[in-house]
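Here the structure comes first, spelled out in C-alpha cells, and everything after it is commentary.
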Amino acid sequence: MTWAAITGSISFEEFVASYLDYVHYELIDGELIDLEPTGLHEQVAGLINRKLNVAIDQLDLPWFIPMKCLIKPLGLNSAFRPDVVILDQNALSNEPLWSTEPVITLGNSVKLVVEVVSTNWQNDYARKVEDYEALGIGEYWIADYLGLGGKRYIGSSKQPVITIYQLVNGVYQGNQFRGTEQIISATFPNLNLTAQQIFAAGRI
C-alpha cells in the first residue's frame, strides 16, 4: 500500500524524522511505501539473518547485522529498509549520519544486502538492483520464496528462486538458485545453505 495520496511527497529528512521507527515503511521517490510483511516473510528473513550471523561469527569478522537500518541511495528522496543488511563496523566512521541515525549512505559500508520479496516485487527486482549497483554494494540477494517476480526476472514457470547479484567492475552479475542448489556467495564462499532451506522457512 502507498500512502502518497494521504501524505503528499515526503523528503528524505522528513522520512527520517517521522518514520524512522516505523519499520514497515520505506521511501521511494518521495512516496511512503508500506512494506506489508507477512509472518511467512518474517520467517524467511529470520532464517537468512540467523545463517548469515553464524557465518560472520565463524569467520570472526568485524561485521554485524543491525536490528534496523536505512540505506539512502543516490537519488534525493528515497530510503530503503532492507530485510537483512550486513555492515562493516570498520567503515562506519566514514558515514556522515550513523552517529546520530541508523542511516547508511556509502556502499562500501555494506557487505551484503537481502530483500525478501513481497507484493512490492517490482522494487526489489528493478529499482533496487539499479540503486544498490549504483551505490556500489558488493552483493545483493533477492529471496523470492513464493515466486512472485515477473517472468522477465524469474522465468515463465514462476517458481521460487534466490537471485544473487555480485558487483563485477561496477556492474551487477546475477545468478539464480532453485531447489537443492547450494547458494554461492562471494562474501561467504563456505556458506552451507541451499535455496530449498530458504523456501522451507516460508511455510507453516
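Each value in this text was obtained by applying a stated rule to the coordinates, not by laboratory testing. Note that this is a predicted model, so its numbers are computed, not measured. Here the Cβ positions follow ideal geometry from the backbone for every residue, glycine too, while neighbour counts run over all protein chains shown.
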- Task: Read phi for every residue in segment 121-128 and hand back ³J(HN,Hα) as whole Hz from Karplus 6.51 cos²θ - 1.76 cosθ + 1.60, θ = phi - 60°, with x for Gly and Pro.
- Result: 5, 4, 5, 5, 8, 10, 4, 6
- Item | 5 angstrom amide H check on Y25, placed H, neighbours 5+ away | L35
- Subtract the Cα-Cα distance of S9 and N192 from 0.36 nm times their separation in residues, and report this length gain in nm to one decimal. 61.5 nm
- Task: Over segment 28-128, calculate the relative contact order: mean separation of alpha carbon pairs under 8 Å at least 6 apart, over the residue count, as a percent.
- Result: 28
- Message: Please list, by residue number, everything in segment 116-158 whose backbone N is under 13 Å from a paramagnetic label point 7 Å out along Cα→Cβ of E36.
- Response: 118-123
- Task: Report, by chain and number, residues whose modeled amide H sits under 5 Å from the one on K111, excluding near sequence neighbours (fewer than 5 apart, same chain).
- Result: I86, L87, D88
- A correct Karplus calculation of ³J(HN,Hα) over segment 167-173, with 6.51 cos²θ - 1.76 cosθ + 1.60, θ = phi - 60°, whole Hz and x for Gly and Pro, returns 7, 10, 6, x, 10, 6, 10
- For segment 122-197, with only Lys/Arg (+1) and Asp/Glu (-1) charged at the beta-carbon, what is the dipole magnitude about the Cα centre, in debye rounded to 20? 280
- Message: If you take every residue apart from G8 with its C-beta less than 14 Å away from the C-beta of G8, what net charge results, scoring Lys and Arg +1 and Asp and Glu -1?
- Response: -3
- Task: Provide the gained length on full extension for the span L61 to R152, in nm with one decimal, where the gain is 0.36 nm per separating residue minus the Cα-Cα distance.
- Result: 29.1 nm
- Rounded to the nearest 20 debye, dipole of segment 4-102 from Cβ charges on Lys, Arg, Asp, Glu: 240
- Note on the structure: Normalised Cα Rg of the chain, dividing by 2.2 N^0.38 Å with N its residue count, works out at 0.98
- Task: Tell me the label-point distance for the pair Q166, T100, using the 7 Å Cα-to-Cβ offset, in nm and rounded to one decimal.
- Result: 4.0
- Partner aspartates and glutamates for K111 [C-alpha distance under 20 Å; skip if fewer than 8 residues away on the same chain]: D57, D60, D83, D88, E95, E101, D124, E130, D131, E133, E139
- Message: Using Cα springs under 10 Å in a Gaussian network model of the chain, which residue among W98, W63, W121 shows the largest mean-square fluctuation?
- Response: W98
